[in-house]
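Here's the structure we're looking at; comments come further down.
The values are calculated or read from the model by the stated rules, or taken from the named source; none is laboratory data. Computed from a predicted model, the values in this text were never measured in an experiment. Positions of Cβ are generated from backbone atoms using ideal geometry, with glycine treated the same way; all protein chains shown enter the neighbour counts. Side chains included, ligands, DNA and RNA excluded: accessible areas come from the protein's heavy atoms. Shrake-Rupley method; radii C 1.70, N 1.55, O 1.52, S 1.80 Å.
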Amino acid sequence: MPGEGNLYQTLIEAALARLEATGSMPATLAELAELAEVPLEDVSGIFGSLQNLREGLIYQGIALLNDSLRQGVVHSGSVKPDAQLRSLARSYAIWASLNPALFRVIVDGLNRPMAEGSTLYRFTMSMRDLFERKLREMRDLGLIRHEADLAPILLVILCVVKGANVLLLNRKSEPWLSDDPRPVVQIADEMFGYLIDNLLVTGTAQAA
C-alpha cells in the first residue's frame, strides 16, 4: 500500500486526468476510487468529501501556477518592475492556456466567496500585494507619476485580470472576438501591456 503522501498525489492525478478528459471532476468519491484503482475507504480517509477533493485540485493548480509565475519573473531578465509585471502577465496567460481544465477550477473558485486563509484567498492577497509592491517600485523609480494613487490602479488591474480569466476560458464563444485572428495568449498579453503602457509617465503626461 503506498504511503499517504503518494496516495494523495495518486488521487489528485486521477481526478485531474478525469477533469482534463471530460471537463468534470469525479462525481463521487467511489468514482475517484475506481479511477485511481484504490479502495474507497482509502479515498475517504484522504479527502472525505468532494469539496475536499476540489480544494486539493485548487491547491495543486495554484502551486503549479505560482511556479510558472516565478519562472516568468526570473526569465524576464530584468530588474525593472514594469518588465517583471509584463512577464508575470504573460506567464499567467501561457499557463492558463496550457492547463485549461485546472485553470477553470481555479477561476470558478475565485468567483465564489473565499474563506479567509484558504488557498485561493492567500493566492489572491499575495497577488494583490505583489502588484502593489511593483507599482510602488515603479512610482519610486519615476516610471509612473509620484502623486499617482495606487488604489484605483489596483482595482483596474483586478478588473483586467478577471476579464482576462473570462477570455482565457471562453475565447471561442466570445462574440466580440469572433473575427479576431489573434491567439488568446496574445490578446491577454497585449491587454495587460496596454495597461502598463498607459501607466508609464510618458503616457500619463500625454493624457494630462
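General observations
- If you take the Cα centroid of segment 96-166 and the Cα centroid of segment 31-71, the two points sit 25 Å apart.
- Relative contact order of the chain, defined on C-alpha pairs under 8 angstrom at six or more residues apart (%): 18 percent
- Lysines with Cα under 29 Å of Lys134, excluding same-chain neighbours fewer than 8 positions away: Lys80, Lys162
- Listed by chain and number, the aspartates and glutamates whose C-alpha is less than 13 Å from the C-alpha of Lys172, apart from same-chain residues fewer than 8 away, are Asp180.
- Candidates per trypsin sites (Lys or Arg not before Pro) in segment 1-98, loop by DSSP, up to 12 other Cβ within 10 Å: none
- Per DSSP, loop chymotrypsin sites (Phe, Trp or Tyr not before Pro) in segment 126-208 with at most 13 further Cβ within 10 Å: none
- The alpha carbon radius of gyration of segment 93-208, expressed as a multiple of 2.2 N^0.38 Å, is 1.19.
- With all protein chains kept in place, the per residue accessible area of the chain amounts to 56 square angstrom at a probe of 1.4 angstrom.
- If you take all other residues with their beta carbon under 15 Å from the beta carbon of Gly109, and give Lys and Arg +1 and Asp and Glu -1, the sum is +2.
- Prolate/oblate/rounded call for the chain, Cα gyration tensor, a/c under 1.5 rounded: prolate
- Across the chain, the longest piece that holds none of the GluC sites (Glu not before Pro) lying in DSSP loops with up to 12 other C-beta atoms within 10 Å covers 38-115.
- In terms of accessible area, using a 1.4 Å probe and ignoring ligands and nucleic acids, Met138, Met25, Met191 rank largest first as Met191, Met25, Met138.
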